[in-house]
Amino acid sequence: MSSKKVISLVLIVMLMGMLALTGCSGNKGEAPNADTAVGEVKVGVLLPLSGPVAPIGVTSQRGYELAVEEINAAGGIKALGGAKIKLITADSRGDAKIGMSEAERLIQSDKVTVMTGAYQSAVTYPSTQVAEKYKIPYIVPSAVKDEITQRGFKYTFRTCPPMGWYTKAQVDFAVEMGKKTGKPAKRVALVYENTDWGQSAATAWKVDVPKAGMEIVLDAPYPATSSDLTPVILKIKQANPDFILFTSYTSDAILLTNGIAQMKINSYGMAGGGGGHADPEYMKNTGKNSEYHYDLCEWSTDVGKPGVKETNDKFKAKYGVDMNGESANCYASMYVLADALERAGANDPEKIREALSKTNLSTTNAMIMPNTSVQFDETGQNINASLIMIQVRDGQRVTVWPESAKNPDFEAVWPVPKFEDRK
Amino acid sequence: MGTMTEATINGLFMGSLYGLIAVGLSLVFGVMKVVNFAHGSLLTICMYAVYYLVMKANWNSYLTPILVVPLLFIFGYVVQSKIINPVLKREFELGGGHAVILLTVGMMLVMENLCLLFFGAYYKVAQVPISSLTLNIGNIVISVPRMIAGIVSVILIFLLYAFLNKTDMGKAIRATGQDREAVRLMGINDFKIYNISFGICFIMLTLAAALMIPMYYVHPSAGKIFELRSFVIVVLGGLGSLNGAFLGGIIIGLIESVTAQFLSATTAEFLIFLVFILVLLLKPNGLLGKK
Amino acid sequence: MNEKNIIAKLRYPSYYIPALAILILIFFPFLTNNEYIVQVGIMVLLFAVMGSGWNIIAGFGGQLSLGHAAFVGIGAYVSTLLFVYLDLTPWIGMLVGAVVSAIFGVIVGYPCFKLKGAYYALATIAYGELVRIFIQNTNQIGPIDLKGAQGILLPIKGHSWFWFQFDTKAPYYYIALVMMFLAILLCYKIKNSKFGYYLAAIGDNQDAAASLGVDSSRMKVYAAAISSFVMGIAGTFYAQFLLYIGPQSLLVDTFSTEIALVGIIGGAEVMGPIIGAFLLTPISEATRILLGGRFIGVHLVVYGAILMAVITYAPSGILPYLKKVYYKFLALLGDPQYQDYRTIKAPAKGLGGGIK
Amino acid sequence: MLQVNKINASYGEVKVLHDVSLAVKKGEVVGLVGANGAGKSTTLKVLSGMLKAASGEIKSEGVSLTELTAPQIVALGIAHVPEGRRLFPMMSVEENLEMGSFLPGPKKARQETIEMVYSVFPILKERHKQMAGTLSGGEQQMLAIGRGLMSKPKLLMIDEVSLGLAPVLVEKIYSMIEQIKKQDISILLVEQNVYLCLNFVDRAYVLENGQVVLDGTGKELLANEHLKKAYLGL
């Protein structure tokens, strides 16, 4: 009877699954973490590789991969006898509980000595706690939630700036542009997706914006998985702001940008804060509509630092797209790790932690980021992390702010040309 | 007041598009009394089909149905006859149970994630010239693809309505929904009617996909967003009622578009589910549903 | 039965195999030095508890719920808020959370139970979503900081039974194991009581049950209360175990679906969800570990395919089939009571399709 | 026209028909009478393919119907007006009739057949736009019979002709069936009203507990002592 066959098939699949599970952990009887003479350093990478945020997860993974490839090709970790870095990637599915359980698995089963990830703050926040519990250093290259480094954790190191710096920089930029051009933005619209990330941005904006003497004329959270964002776009139109601040993932950023261009909603400027606005897919799918958009981010292909162009070329040759903030963040963080490993001289979490906390790095490819050095304070925050404002010009992301990192060939356009006046 | 008018117009256009998407769900329920939890992932498949034809073969999105409709009709026909009907048959024989609903839940998981596997997690947007076309009346801006989608949706729903009321096949579909055993006594194969109905559901979804591609992104879970809306819409209008699906679509479109002007979009989402549960509790047969 | 009797009976496979299984369960944390494996074991037990809770209303009572994560969420949030803001031990918080969850179950259950079949399933999705959207977008209720989308991270209090927090996984494992045994006992008691009989009658055919004088709404409300009470308990455990609760992981529809799948695939009997959890959770973990990073989404394809196969070929869940295999196995081992295993009939009843 | 040889049928575990045999000849009106639950409707269901026979054989003009499905049997010219009429309540009278002639053969002659049905049941013509669900009981029965006729059957099987109808209406419907008979259509009637039926039909079978206990012409059966006692209250 065929039904019996299918049942037995299902059972066999299940049994295989269980065996596989035990198999995954089977060979872990050997020496655990503290082993100096190993041929490889296992790095647990936790990223959202499925679910709605998966595109950014993939981009981040590429950053890690490229850096590791380079480091290994250049002879690995010399202090460890040329040990290679080995990435062990786990999918968080963008879900905190799975992220935590995967962190647990990376540490327990795969015996990673250091962890990194997890892009989303909502996953990074709890998964760093797991690492802390097991005393495994955790490098956070792109999650921005302020609280991540405010819990007194000893094993969490964040190379990127926290959210508070983003929102402050966005507001500072608008104020500076207003002073420079005599067209100060007074009416600000806040448009953000309603998960953790957007909500923490909004909380910070609501402090920073009034402080800078500007008025919030619109506070518009929206569900990241909306089928139609026109209502939000119409609200922006109704509010008639001078300056629009976004916190968006890729899909919603695309819908918003295209919709605003269609509705011809004019303002002095619109600024995203990384995430979707920095995703290469965003540029591809908005075309001319994203022209003159600002985006506050960690990195751009034209950052005036040595190695930037070469790295980006390599990346583009390998993956067909430019690097973006996320991939650059992850890329640079691997160099920070490599530096720490060299100084630790041991593949031991405790020693790596110590080395990381004493990081003072201003060479190597970690410096493709706009900051000039990496140093962690006692909370694990990179105190030198810095941000840049880019503007989309002729379909390219061009660094226009701050002065120190700006692309000499371009000046920020403020206020941006009206949609009606564009060709 | 301009934005209010715009919001209303947008609500109407989106509403009729929602109606078009929901109409297949309602038809399938009306004919075989099955709530298809895979409806959204079917839409996703249709969207990918249209997208690839637009991007890879350079077709005009609005022309893609010529090729995609027959293909997906056949696909729907086969899925129904090979996968759903056997379970449905057993459920008719034994009575009770939620087998078919659960089967569609399984289909949803499989299809959504196969899309993820094959097409990747990336958002795919087909920027075609018409995408950014707008119509300006005074200070009111109307997006052309949205307008086309809204108006064509109404026409398509009307055509489906006419098909069901004027042709023999359409009448047979309606009759099957009313009494599947009596229909067999008329010489009509009820399971074949199910296959055709599921195929028609696919036709409607493909047409909706062709209308959506110029203004919306494709993503493995793109359909899911519309699926929840579709549930709300068909329950609101009355499961199994086409006019109801259209009316429900308009109502949801307006709630989403207009209330978001007073409250936040997040609150509008909350409101939609609140309306959903209230309708379920107070008027489970929907506004136009039949007893 | 006296001691001698039990020992005498342990000669038979039908006694020593379950005894062996229970022994393995009890000593499981000592069989592996890998805490992750224990963690998977805990998740299996937790899903078994949640599946059993779901089974009371869905399996026994025939009401397909796809929104049960809401009850887990409420239990988790209540006990966590009491823990974080009032320093109340989670042991008491657990009971409070479970009671609140049960009350909520009755409040939403009572009106929803008018609905039949698919309508009921849709209503459960709707209230599940409402709870998620509400918590996700509410940062503050009066003085209580709900933290909206951020979710709440539970403060670490160190290794302490009083605070329900442990340095190792083993205590969590044993708590979950006890919870599972209690859940089995509860389900068993319900199944074999008059109440369980009424529920089964309602599940088979509500109208027929009503004509026999069964007050179906009242029975369903009782079932909903017990079911959501169990979910609330599981929710507290979940919060204490993961030390983080948030709307996007705890209240999403996929979590509801996962809970339901455990029961559906296992079968609508007392042991159904237990078997379901023991098979599904490891599969979910294994596919993710083996393939997750490379082939995204493949685990869910497997999941969906299993569900489709079970619905198509084994509508009563796999438990009845597993039982047959097990009986055959016992017969092969020479158990005299099971030599005629072929005549032991598997009951053909379950959510997938039962006899009217 | 129709030969039924020793069919057995059951609902689940309950066996309903035991070795039922009967025959309908061309142009004949045959009755099937018996008490409630005797298996009359079940017999018709088996004949039209709504229910599978557990064993036995059904033949029509040399073709075996035993393995055929309901739609295939209709196509062979055997129409079944089922118990409870089973109209499509949300469709108009005319649409119901149209559904009766869904198959390609009858469809060609649809207009003609509709005219014929309207001539037999003029009230249906008056009500042709009305929803079937809103018709009165008698009208519904007429529509059900009319819908059966639409497939241009050689054999029309009518279940519970007079159930729930006022005596005046019953008489009217029987006079209409008389008209149908004239069009060379064989008829198999199931009827609880034994007296009425036996007076009308050419031959009849008496079913008791799923078995044929008596058969003969209408007149013969009316004179049967057992029948008189059991069904006619005489």
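The values are calculated or read from the model by the stated rules, or taken from the named source; none is laboratory data. As the structure is a computational prediction, the values presented were derived from the model and not from experiment. A quick note on method: Cβ atoms are made from the backbone with ideal geometry, for glycine too, and the neighbour counts reach across all protein chains shown. For accessibility, only protein heavy atoms count, side chains too; no ligands or nucleic acids. Shrake-Rupley method; radii C 1.70, N 1.55, O 1.52, S 1.80 Å.
Points to keep in mind about this one:
- Residue within the stretch A:367-385 that is open to solvent by 50 Å² or more (accessible area, probe 1.4 Å) and touching a residue at least 24 places away in the same chain (Cβ under 8 Å) present: no
- Checked against (1) within 14 Å of chain D (Cβ to nearest Cβ); (2) open to solvent by less than 20 Å² (accessible area, probe 1.4 Å); (3) within 19 Å of the chain's Cα centre (by Cα); (4) within 27 Å of residue B:107 (Cα to Cα), residue B:164 meets all criteria but (4).
- In summary, strands (runs of 3 or more DSSP E) completely within the stretch A:120-201 and bearing 2 or more residues that are away from every other protein chain (no Cβ under 11 Å), under 30 Å from residue A:101 (Cβ atoms) and touching a helix residue (DSSP H, G or I) at 6+ places or on another chain (Cβ under 8 Å) occur at A:138-140, A:156-158.
- Of all residues in the stretch D:217-228, those that are open to solvent by 10 Å² or more (accessible area, probe 1.4 Å), touching a strand residue (DSSP E or B) at 6+ places or on another chain (Cβ under 9 Å) and in contact (Cβ under 8 Å) with a residue 12 or more places away in the chain total 2.
- Yes/no for residue A:364 being hydroxyl-bearing (Ser, Thr, Tyr), out of contact with any Lys or Arg (no Cβ under 8 Å at 6 or more places or on another chain) and open to solvent by 20 Å² or more (accessible area, probe 1.4 Å): yes
- Where helices (runs of 4 or more DSSP H) fall wholly inside the stretch C:1-76, the ranges with 3 or more residues that are open to solvent by 10 Å² or more (accessible area, probe 1.4 Å) and away from every other protein chain (no Cβ under 11 Å) are C:3-9, C:13-31.
- Annotation: of all residues in the stretch A:286-315 being open to solvent by 10 Å² or more (accessible area, probe 1.4 Å) and without any contact (Cβ under 8 Å) to a residue 40 or more places away in the chain, the one that is nearest to residue A:260 (Cα to Cα) is A:289.
- Boolean, residue D:51 is touching a residue at least 40 places away in the same chain (Cβ under 8 Å), under 20 Å from residue D:160 (Cα atoms) and assigned to a loop (DSSP other than H, G, I, E, B): yes
- Scanning the stretch A:316-325 for residues that are crowded, with 24+ Cβ neighbours inside 10 Å and touching an Asp or Glu at 6+ places or on another chain (Cβ under 8 Å) gives A:324, A:325.
- Test: residue in the stretch A:205-223 that is within 30 Å of residue A:62 (Cβ to Cβ), of a type in the set (A, V, I, L, M), in contact (Cβ under 8 Å) with a residue 24 or more places away in the chain and open to solvent by less than 10 Å² (accessible area, probe 1.4 Å): no
- Applying the criterion of at least 3 residues that are modelled with pLDDT of 90 or more and under 21 Å from residue C:29 (Cα atoms) to the helices (runs of 4 or more DSSP H) found wholly in the stretch C:162-272 leaves C:170-191, C:216-242.
- Number of residues in the stretch B:183-215 that are farther than 21 Å from residue B:84 by Cα and within 10 Å of chain D (Cβ to nearest Cβ): the value is 3.
- Taking the listed residues B:6, B:93, the one that is acidic (Asp, Glu), in a helix (DSSP H, G or I) and crowded, with 21+ Cβ neighbours inside 10 Å is B:6, with no other qualifying.
- Under the condition of being within 9 Å of another protein chain (Cβ to nearest Cβ) and open to solvent by less than 10 Å² (accessible area, probe 1.4 Å), the residues counted in the stretch A:57-96 number 4.
- Test: residue in the stretch D:105-114 that is modelled with pLDDT of 90 or more, open to solvent by less than 20 Å² (accessible area, probe 1.4 Å) and within 16 Å of the chain's Cα centre (by Cα): no
- Selected residue (criterion: nearest to the other protein chains (Cβ to nearest Cβ)) from residues of the stretch D:67-90 that are touching a strand residue (DSSP E or B) at 6+ places or on another chain (Cβ under 7 Å) and open to solvent by less than 30 Å² (accessible area, probe 1.4 Å): D:80
- Test result for residue D:40, buried (at least 22 other Cβ atoms within 10 Å of the Cβ) and of a type in the set (D, E, K, R): yes
- The residue that is modelled with the lowest pLDDT, counting only those in the stretch B:109-122 that are at the interface with another protein chain (Cβ under 7 Å from one of its Cβ atoms) and either surrounded by fewer than 24 Cβ atoms within 10 Å (Cβ to Cβ) or part of a helix (DSSP H, G or I) (or both), is B:122.
- Looking only at the stretch A:130-145, and only at residues there that are surrounded by fewer than 24 Cβ atoms within 10 Å (Cβ to Cβ) and more than 14 Å from the chain's Cα centre (by Cα), the one that is farthest from residue C:240 (Cα to Cα): A:135
- Candidates are the residues of the stretch B:169-182 that are more than 7 Å from every other protein chain (Cβ to nearest Cβ) and among the aliphatic types (A, V, I, L, M); the one that is surrounded by the fewest Cβ atoms within 10 Å (Cβ to Cβ) is B:169.
- When residues of the stretch A:101-119 are limited to those that are part of a helix (DSSP H, G or I) and either on the phi > 0 side of the Ramachandran plot or out of contact with any Leu (no Cβ under 9 Å at 6 or more places or on another chain) (or both), the one surrounded by the most Cβ atoms within 10 Å (Cβ to Cβ): A:105
- Filter result (open to solvent by less than 20 Å² (accessible area, probe 1.4 Å) and either over 10 Å from residue C:302 (Cα atoms) or of a type outside the set (Gly, Ala, Ser) (or both)) within the stretch B:99-108: B:99, B:100, B:101, B:102, B:103, B:104, B:105, B:107
- Condition check for residue B:236: assigned to a helix (DSSP H, G or I) and either crowded, with 24+ Cβ neighbours inside 10 Å or among the small types (Gly, Ala, Ser) (or both): yes
- Count of the stretch B:43-77 residues which are open to solvent by 70 Å² or more (accessible area, probe 1.4 Å) and assigned to a helix (DSSP H, G or I): 8
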